[in-house]
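Colleague: Can you read through this structure? Questions will come right after.
Only the coordinates and a few stated rules stand behind these numbers; no lab work does. Because the structure is a prediction, the values reported are computed rather than measured. Cβ sites come from the backbone with ideal geometry, for glycine too, and all protein chains shown count toward neighbours.
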Amino acid sequence: MTEGLVCWKCGASLAEFSLPLRRLEECRHCRAQLHACRLCVDYDPRVAGACREPTAEEVRDKEHANFCDHFRPRPAAHRPADLSAAEQARRDLAKLFGES
Ligand SMILES: [Zn+2]
């Protein structure tokens, strides 16, 4: 089921795709490649290599189609305005100290 899946880049629904996603599948809206770290459940910019799967081979390019065997698309992968990790960290810190 691809219901709830959205493009990591533009947020467009990916409901029309069937799983597993083929490696060269692209968002119909912005043409972002979908078989990429940014759409994966294991993608996490806060960990080393930005991947939570310890046995996955390191993928340097997080935004283009990869050959990773562990790829699984994550629902709601879209982050508005594409905050950089540094900016997100700064905001988290500000929130921690009660700033708005
Ligand atoms: Zn898109």
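Colleague: When the chain is treated as a GNM, springs tying every alpha-carbon pair under 10 Å, which of A12, A32, A86 comes out with the largest mean-square fluctuation?
Modeller: Maximum among the listed residues: A86.
Colleague: Under a 5 Å amide H to amide H cut-off, with H placed in plane at 1.01 Å, what residues pair with V6 once short-range neighbours are removed?
Modeller: HN-HN under 5 Å from V6: L14, A76, A77, H78.
Colleague: Additional query: At q = 0.11, 0.14, 0.22 Å⁻¹, what log₁₀ I(q)/I(0) does the chain have when each alpha carbon counts as one equal point scatterer in the Debye sum?
Modeller: Results for the chain at q = 0.11, 0.14, 0.22 Å⁻¹ read -0.35, -0.55, -1.13.
Colleague: Hey, another quick one. Quickly estimate the mean residue ellipticity at 222 nm for the chain, helices only: each DSSP H run with n ≥ 4 gives -39500 (n - 2.57), and the total goes over all residues, rounded to 500.
Modeller: Working: 1 runs with 12 residues, N = 100.
Taking each H run of at least 4 residues, the total per residue is -3500 deg cm²/dmol.
Colleague: In whole Å, what are the Cα extents of the stretch 29-85 along the three principal axes, biggest one first?
Modeller: 31, 22, 20
Colleague: Computed FRET efficiency, Cβ-Cβ of E3 and D61, R0 30 Å: what is it to the nearest 0.05?
Modeller: Numbers: r = 28 Å, r/R0 = 0.93.
E between E3 and D61, to the nearest 0.05, is 0.60.
Colleague: Further, regarding this structure: Do any cysteines in the chain lack another Cys Cβ under 4.7 Å, and if so which?
Modeller: C37, C40, C51, C68
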